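A.B. asks: Supplied in structure tokens, the structure appears directly below.
Only the coordinates and a few stated rules stand behind these numbers; no lab work does. Bear in mind the structure is a predicted one, so any value in this text is a computation, not a measurement. Positions of Cβ are generated from backbone atoms using ideal geometry, with glycine treated the same way; all protein chains shown enter the neighbour counts.
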Amino acid sequence: MPVRAVYVTREGFKKFEEELEHLRSVKRPQVAERIRKAKEFTDTVDNAEYDEAKSEQAFVEGRIQEIEGTLANAQIIGEGPHPDYVALGSHVTVKDADGVEEKYKIVGSVEADPRHGLISNESPVGRALLGKRAGERVSVDAPGGSFDLTVVEVA
């Protein structure tokens, strides 16, 4: 089965690298030390501290694997000249039917953070905006219902 590309911005790639380094060099040793200390106190049976540390270890190791997979399959977006249409990495200003403007950056799903204006290319709004130019109107079919947006600017 072919591996699916993971779209990330250069900034997102750097953040993942930093998080991976922190997990490997700081969190992993901290958790290992907690496990070692918990074993010293008593047997590992019915040892809440040990169980909690092992659970955290599983989380940290899982996150390390997840980030390694993301970085291994990462495709950097937003490089090169910006087209005059919405694409991955584009900064887009849209206006709703009430005239309220919103600014978004179209990113891959692993970087999406709608509260900070980073929307996934796979989200209803992201999918509707891809390929559109300034002045075009788009209809967005979202789980909460359909609505229209007008593309004001693409950068």
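A.B. asks: What's the Cα-based Rg to Rh of the stretch 6-76, Rh via Kirkwood?
C.D. replies: Across the stretch 6-76, the Cα-based Rg/Rh ratio is 1.16.
A.B. asks: Determine which lysines satisfy two conditions relative to K54: a Cα distance under 24 Å, and not lying fewer than 8 residues away in the same chain.
C.D. replies: Filter leaves K27, K37, K39.
A.B. asks: Another question, then. For E122 and D96, FRET efficiency with R0 = 25 Å and r from the beta-carbon atoms, rounded to 0.05?
C.D. replies: Result of the calculation: an efficiency of 0.75.
A.B. asks: Something else: Please identify, among A112, A134, A58, the residue showing maximal mean-square fluctuation in a Gaussian network model of the chain using a 10 angstrom Cα cutoff.
C.D. replies: Of A112, A134, A58, the Gaussian network model singles out A58 as fluctuating most.
A.B. asks: Per the Kirkwood definition applied to all pairs of different Cα atoms, how many angstroms is the hydrodynamic radius of the chain?
C.D. replies: Taking every pair of different Cα atoms in the chain, averaging 1/r and inverting gives 18.3 Å.
A.B. asks: Moving on. Using bins 10 angstrom wide from zero, how does P(r) for the stretch 80-154 break down, in % of all Cα pairs?
C.D. replies: Taking every Cα pair in the stretch 80-154, the percentages come to 21, 58, 19, 1.
A.B. asks: Further, regarding this structure: Extending each Cα 7 Å along its Cβ direction at R28 and N73, get the distance between those two points in nm, one decimal.
C.D. replies: Those two pseudo-labels are separated by 2.2 nm.
A.B. asks: Name the lysines eligible as straight-distance cross-link partners of K132: C-alpha to C-alpha under 23 Å, and not fewer than 8 places from it in the same chain.
C.D. replies: K95, K103, K105
A.B. asks: What is the local net charge at Q57, summed over the other residues whose Cβ is closer than 14 Å to its Cβ (Lys, Arg +1; Asp, Glu -1)?
C.D. replies: Spelling it out: positives minus negatives among the neighbours equals +3.
A.B. asks: Taking Cα centroids, how far is the stretch 129-149 from the stretch 16-40 in Å?
C.D. replies: 45 Å
A.B. asks: Right, something else. Around E101, under 11 Å between beta carbons, what's the net of Lys plus Arg minus Asp minus Glu among the other residues?
C.D. replies: Values: positive: K95, K103; negative: D96, D98, E102, E153.
Charge balance near E101 sits at -2.
A.B. asks: Length gain on complete extension for the stretch D148 to E18, per 0.36 nm per residue less the alpha carbon to alpha carbon distance?
C.D. replies: Details: separation 130, 0.36 × 130 = 46.80 nm, distance 3.85 nm.
Additional length available on full extension: 42.9 nm.
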